[in-house]
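Structure first, commentary second.
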Amino acid sequence: MTDTDPLDATRQMWSRGSYATMGDVFAAAGQDLVATVGVEGLDVLDVACGTGNTTLAAARAGARHVTGVDLTPPLLEEAARRAEASGLADRVTWHEADMADLPVDDDGFDRVLSSFGAIFATDQQRVAGELRRACRPGGTVGVTAWAIGGLFDLMTETLRSHVPDLPPAGPSPRDWGRAELLPGIFAIDPDALAFAERTITWRVPSADAAMAVCEENAAPVIVLRQALGDGWAPARAEVVALFAELGTEGPDGIELPLAYTVATFAEP
């Protein structure tokens, strides 16, 4: 009998498509998170760092040292290439690990961040507890999530509505975009939480081109596309129509609003 790593399926899923391409679409949100918490001269941890956009944003913003953790080796390899190309490799350390079991010391960082990463936790409280464990007293934990009713949230819900026999509802990335749920996820006083909704603009030639980027590069969309099979075409058409409705005319096509949330709190 062969032991199977239960995380292999997750690694394989996030290896689909091109996270680098998709992550670059919303890299500005990670930069915003870094600016919101302030990192100059501090030790920073970026959890579920993907290809390193937020990690490197923290290094560029003057962090003393930044540690990026992700489960998927190809994403970390791309992150390391980007760090080297940016001349930041000596200020960044990368670790392959599960965000539910971070390979870091207690109280090791002044800032603990996760940009659209912790939101995919299957055990939300455990991952939230790991983020808090890594943060020094007086430090700050900060996470971004897709805003409820925003473009990416509506896209996901539209596609899911076409999938027959969905599994029972469980922990959802949407939970991290709800201010009323985060205190329970993090086990903090609601008054300690700072929560804001912000928007970045995605400029694309057309609504169809935007959907092509998502279906070719975004791992969760690729999974839904495969689940739908022959039902993909009508689901795709519905999302393209949604993008066209939400977009506004720009100089080179359309501009799509990507609404996201930034949640931060100080570790006591």
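The values are calculated or read from the model by the stated rules, or taken from the named source; none is laboratory data. On a predicted model such as this, the values are computed, not experimentally measured, just so you know. Here the Cβ is made from the backbone with ideal geometry for all residues, glycine too, and neighbour counts use every protein chain on show.
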Return the residue satisfying two criteria in turn: it lies in the stretch 216-242 and is within 23 Å of Gly30 (Cβ to Cβ) and of a type outside the set (A, V, I, L, M, F, W, C), and of such residues it is nearest to the chain's Cα centre (by Cα).
-> Pro220
Selection status of Arg132, outside any loop (DSSP other than H, G, I, E, B), under 19 Å from the mean Cα position of the chain (by Cα) and basic (Lys, Arg) = yes
Quickly run through the stretch 54-66 and pick out the residues that are outside any loop (DSSP other than H, G, I, E, B) and surrounded by fewer than 24 Cβ atoms within 10 Å (Cβ to Cβ).
-> Arg60, His65
Which residue out of Thr261, Thr199, Thr248 is among the β-branched types (Val, Ile, Thr), surrounded by fewer than 19 Cβ atoms within 10 Å (Cβ to Cβ) and under 22 Å from the mean Cα position of the chain (by Cα)?
-> Thr199
Restricting the search to the stretch 109-139, which residues are farther than 19 Å from Asn53 by Cα, β-branched (Val, Ile, Thr) and touching a strand residue (DSSP E or B) at 6+ places or on another chain (Cβ under 9 Å)?
-> Val127
Ala48 more than 16 Å from the chain's Cα centre (by Cα) and buried (at least 22 other Cβ atoms within 10 Å of the Cβ) | no
The stretch 205-220, subset assigned to a helix (DSSP H, G or I) and out of contact with any helix residue (DSSP H, G or I) (no Cβ under 6 Å at 6 or more places or on another chain), residue nearest to Gln12 (Cα to Cα) | Pro220
For Ala79, are the conditions met, namely being in a helix (DSSP H, G or I) and either of a type in the set (Phe, Trp, Tyr) or modelled with pLDDT under 95 (or both)?
-> no
Restricting attention to the stretch 16-31, the residues that are surrounded by 20 or more Cβ atoms within 10 Å (Cβ to Cβ) and over 12 Å from the mean Cα position of the chain (by Cα) number exactly 1
When you look at Trp146, is it in contact with a Pro (Cβ under 8 Å, 6 or more places away or on another chain) and closer than 22 Å to Leu246 by Cβ, yes or no?
-> yes
All but one of (1) on the phi > 0 side of the Ramachandran plot; (2) without any contact (Cβ under 8 Å) to a residue 40 or more places away in the chain hold for Ala187; which doesn't?
-> (2)
Does the stretch 96-119 include one or more residues that are assigned to a helix (DSSP H, G or I) and within 27 Å of Thr156 (Cβ to Cβ)?
-> yes
Answer yes or no: is there a residue in the stretch 245-260 that is in a strand (DSSP E or B), touching an Asp or Glu at 6+ places or on another chain (Cβ under 7 Å) and at pLDDT 95 or above.
-> yes
Checked against (1) surrounded by fewer than 15 Cβ atoms within 10 Å (Cβ to Cβ); (2) touching a helix residue (DSSP H, G or I) at 6+ places or on another chain (Cβ under 9 Å); (3) over 23 Å from Ser15 (Cβ atoms), Gly87 satisfies every condition except (2)
Give the stretch 181-199 a look and list any residue that's outside any helix (DSSP H, G or I) and in contact with a Pro (Cβ under 8 Å, 6 or more places away or on another chain), or say none.
-> Asp189, Leu193, Thr199
Flag if Trp202 is aromatic (Phe, Trp, Tyr), in a helix (DSSP H, G or I) and within 28 Å of Pro257 (Cα to Cα) | no
Among the residues of the stretch 160-180, write down those that are in a helix (DSSP H, G or I) and at pLDDT 95 or above.
-> Pro173, Arg174, Asp175, Trp176, Gly177
